[in-house]
1. Note every residue of segment B:40-82 with a reduction of at least 30 square angstrom in accessible area, all protein chains present versus the isolated chain, computed with a 1.4 Å probe, or write none.
2. I'd like the accessible area for A:VAL99: 1.4 Å probe, protein heavy atoms, all chains in place, Å² to the nearest 10.
3. Can you list the GluC sites (Glu not before Pro) in segment A:9-115 that are in a DSSP coil and have 10 or fewer other beta carbons within 10 angstrom?
4. Hey, could you grab the Kirkwood Rh for the protein assembly as shown? Inverse mean 1/r over distinct alpha carbon pairs, Å, one decimal.
5. State, to one decimal in nm, how far the label point of A:LYS14 lies from the label point of A:GLU52, with both points 7 Å from Cα in the Cβ direction.
6. Given A:ASN70, A:TYR102, A:SER15, which one lies farthest toward the positive end of the charge dipole of the protein assembly as shown, if we put +1 on the Cβ of every Lys and Arg and -1 on the Cβ of every Asp and Glu?
7. Taking the Cα atoms of chain A, what is the range of coordinates along each of the three principal axes, in descending order and whole Å?
8. Which aspartates and glutamates have a Cα less than 13 Å from the Cα of B:LYS26, not counting those fewer than 8 places away in the same chain?
Amino acid sequence: GAVVSQHPSRVICKSGTSVKIECRSLDFQATTMFWYRQFPKQSLMLMATSNEGSKATYEQGVEKDKFLINHASLTLSTLTVTSAHPEDSSFYICSARPVSVYGYTFGSGTRLTVV
Amino acid sequence: SQQGEEDPQALSIQEGENATMNCSYKTSINNLQWYRQNSGRGLVHLILIRSNEREKHSGRLRVTLDTSKKSSSLLITASRAADTASYFCASEGGNKLVFGAGTILRVKS
């Protein structure tokens, strides 16, 4: 079946540094990928829609300069959290939709802890 | 808020019992989907029901959709301990998923 691979699964970084999270579609091409954020015991909130070869579309309230998204190929999207602060600590999840599958396929998520 | 609502927020049942979760959404949709999330993991797609469908079955899952009330329900029959997880509904309109708040299901063996 369709698989989305997300790395790293966990990362701890110091305040002020940047962290890159990768999301790869392993057996299908994804012109569009989605990035979500999830706080403990809460639901997923869409942060941005990543479009291959063009700029990402950000949801209201999400800082474009803080959460940089690059979708340079049909199988890879990256989310870079720049100048991370403790309040950026969260669970970040990506997803994509294989054409032949009805639902969306999600990565396994990245637990980011900023200390 | 972009989120829909789900109830109950938490549900604890015995193995073998049925579990019912309800979901409401806010805007018009193309379809509604249900996902499962084990603690600290990604989401797994369970079932999709289109806006012109009223009921759908998949194994032990039964989903209903009432577009006039903007609501959906997920029934898991003959629950197992392995069904313990969080369950989210997600409404899709305009190629974007909007998730409900989720229901935490605990099945006791």
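The values are calculated or read from the model by the stated rules, or taken from the named source; none is laboratory data. All values reported here derive from a predicted model rather than from experimental measurement. Because the Cβ atoms are built from the backbone with ideal geometry, glycine has one as well, and the counts that use them run over all protein chains shown. With ligands, DNA and RNA removed, areas are computed over all heavy atoms of the protein, side chains included. Shrake-Rupley method; radii C 1.70, N 1.55, O 1.52, S 1.80 Å.
1. B:GLY40, B:GLY42, B:LEU43, B:HIS45, B:LEU48, B:ARG50
2. 150 Å²
3. Details: sites: A:GLU22, A:GLU52, A:GLU59, A:GLU63, A:GLU87; in loops: A:GLU52, A:GLU59, A:GLU63.
Here the GluC sites (Glu not before Pro) that fit, given the DSSP loop and packing criteria, are A:GLU63.
4. 18.0 Å
5. It works out to 3.9 nm between the two label points.
6. A:SER15
7. The principal-axis extents, from largest down, are 41, 28, 23 Å.
8. B:GLU5, B:GLU6, B:ASP66, B:GLU92
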